[in-house]
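Peer 1: I have a structure I would like to understand better, so I am pasting it below and will then ask my questions one at a time.
Since every read-out is calculated from the coordinates, none of them should be taken as a lab result. Predicted model, so just to flag it, every value in this text is computed and none were measured. FYI the Cβ positions are ideal-geometry reconstructions off the backbone, even for glycines, and counts take in every protein chain you see.
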Amino acid sequence: MKVEAVIFDLDGTLIDSIGGIAFALNRVLTENGFPVHSIETCKQLVGNGFVDLVRRAVPEEHRSEAEIQRYVSQLRAEYDRHWDYGMRVYDGIEDLLVHLQSRGIPFAVDTNKDEGVARRIVERYLSRFKFFRVSGTTPGMPKKPDPARALEMAAGMGVTPRRCIYLGDSEVDIMTAKKAGMIQISAAWGFRSPDDLCRAGAERIIHKPMDLVSCLE
Ligand SMILES: O=C(O)COP(=O)(O)O
């Protein structure tokens, strides 16, 4: 089936952002006297936005709503200072975006990151590409795996969901793609292993960004 648009997840799919997230998170944990997490563990904790990240990262006896809210504010402040620590665009992503642009296939971002931060990242690292939209978490709006944002973007791009690829690196993205009725593809270069992705029901896994080209027809 001919693909008419591509929706990308951001963290772990377009951008390797784990350095800044882990650094900021571990500063918050240290400041509050909690044990820190390795980069590998942080990768597993990311995917559902900052509130869930904090809830998973702090010791169980410190997960009251008031405490979580306080740590989330601390994390936002730390991340604001350190968000681009070690950040890079994954190898092959720019080639893929050049390819999509040359074929006139529109693309967009759907992330559980706070929308302002997501836009800042795209502006800093991928400004030469024309994204239809960079959509992230905003107060009061449902997050992924709710497919509302993905569906809204597909409608905005004028494509039917079943002709839209949804590429992401986590189980949240797999669920979002399936709920949206889009072509679900998982990125093996991100924060989850291929085994994790298979267990989460991935229908197709690609190992490098340019492999997406063979999925476009
Ligand atoms: O910030 C997160 O938890 C996840 O962000 P993502 O949706 O771009 O993977």
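Peer 1: Say each of Asp211 and Arg70 gets a label point 7 Å from the Cα, pointing the same way as Cα to Cβ; how far apart are those two points in nm?
Peer 2: 4.5
Peer 1: Something else about it: Compute the normalised compactness of segment 18-82: alpha-carbon radius of gyration over 2.2 N^0.38 Å, N being the residue count. If you can, show how the numbers build up before the last one.
Peer 2: Numbers: Rg = 10.4 Å, N = 65, 2.2 N^0.38 = 10.7 Å.
For segment 18-82, the normalised Cα radius of gyration comes out at 0.96.
Peer 1: Then there is this: Can you give the relative contact order of the chain as a percent, counting alpha carbon pairs under 8 Å and 6+ residues apart? Each step should come with its number before you reach the end.
Peer 2: Values: 363 pairs, mean separation 59.0, N = 217.
Here the relative contact order equals 27 percent.
Peer 1: Then there's this: For segment 80-86, what does the Karplus curve 6.51 cos²θ - 1.76 cosθ + 1.60, with θ = phi - 60°, yield as ³J(HN,Hα) per residue in whole Hz, taken in order and with x for Gly and Pro?
Peer 2: My calculation for segment 80-86 gives 4, 8, 10, 4, 9, 4, x Hz in order.
Peer 1: Please work out how much length the chain gains when fully extended from Glu203 to Lys130, using 0.36 nm per residue of separation minus the C-alpha to C-alpha distance, in nm with one decimal. Provide the component values of the computation, followed by the final result.
Peer 2: Values: separation 73, 0.36 × 73 = 26.28 nm, distance 2.82 nm.
Full extension from Glu203 to Lys130 adds 23.5 nm.
Peer 1: Give the range of the longest stretch in the chain that excludes all trypsin sites (Lys or Arg not before Pro) found in loop regions by DSSP and having at most 15 other beta-carbon atoms within 10 Å. Could you put the intermediate results ahead of the total?
Peer 2: On the way: sites that count: Lys2, Arg63, Arg103, Arg128, Lys130, Arg204.
Longest stretch, sites excluded: 131-203.
Peer 1: Relative to the first principal axis of the alpha-carbon coordinates of the chain, what is the inclination of helix 171-180, with its axis defined by its Cα atoms, in degrees from 0 to 90 and to the nearest 10?
Peer 2: 40
Peer 1: Enumerate the calculated ³J(HN,Hα) couplings along segment 126-141 in order (Karplus 6.51 cos²θ - 1.76 cosθ + 1.60, θ = phi - 60°), each rounded to whole Hz, writing x wherever the residue is Gly or Pro.
Peer 2: Working through the residues one at a time gives 9, 5, 7, 9, 9, 7, 4, 7, 10, 10, x, 6, 10, x, x, 9 Hz.
Peer 1: For all pairs of alpha-carbon atoms in the chain, what percent lies in each bin of width 5 Å, listed from the first bin to the last filled one?
Peer 2: 1, 7, 16, 20, 20, 16, 10, 6, 3, 1, 0
Peer 1: Okay, moving on. Under the rule of at least 5 residues apart or a separate chain, name every residue whose amide H is placed under 5 Å from the amide H of Ser17.
Peer 2: It is Gly12, by chain and number.
Peer 1: Report the FRET efficiency, 1/(1 + (r/R0)^6), for Trp189 and Thr160, where r is their Cβ-Cβ distance and R0 is 30 Å, rounded to 0.05.
Peer 2: Numbers: r = 28 Å, r/R0 = 0.94.
It comes out at approximately 0.60.
Peer 1: OK, next. Where a Cα-Cα gap under 17 Å defines reach, which aspartates and glutamates qualify for Lys2, not counting those fewer than 8 residues away within the same chain?
Peer 2: Reachable aspartates and glutamates: Asp211, Glu217.
Peer 1: Translational diffusion coefficient of segment 95-217 at 37 °C, 0.692 mPa s, Stokes-Einstein with Kirkwood Rh over Cα pairs, in µm²/s as a whole number.
Peer 2: Values: Rh = 14.8 Å.
Here the translational diffusion coefficient equals 221 µm²/s.
Peer 1: May I ask you to derive the FRET efficiency for Arg88 and Ala148 from their Cβ-Cβ distance with R0 = 41 Å, giving the value to the nearest 0.05? Show your work: numbers first, answer last.
Peer 2: On the way: r = 30 Å, r/R0 = 0.74.
The pair Arg88/Ala148 has a calculated efficiency of 0.85.
Peer 1: What do you get for the angle between helix 93-102 and the principal long axis of the chain? Use alpha-carbon atoms, 0 to 90 degrees, nearest ten.
Peer 2: 30
Peer 1: Taking amide H atoms as placed 1.01 Å from N in the peptide plane, list the residues 5 or more away in sequence, or in a different chain, whose amide H sits under 5 Å from that of Val134.
Peer 2: Under 5 Å from the amide H of Val134 lie the amide H atoms of Val109, each far enough along the sequence or on another chain.
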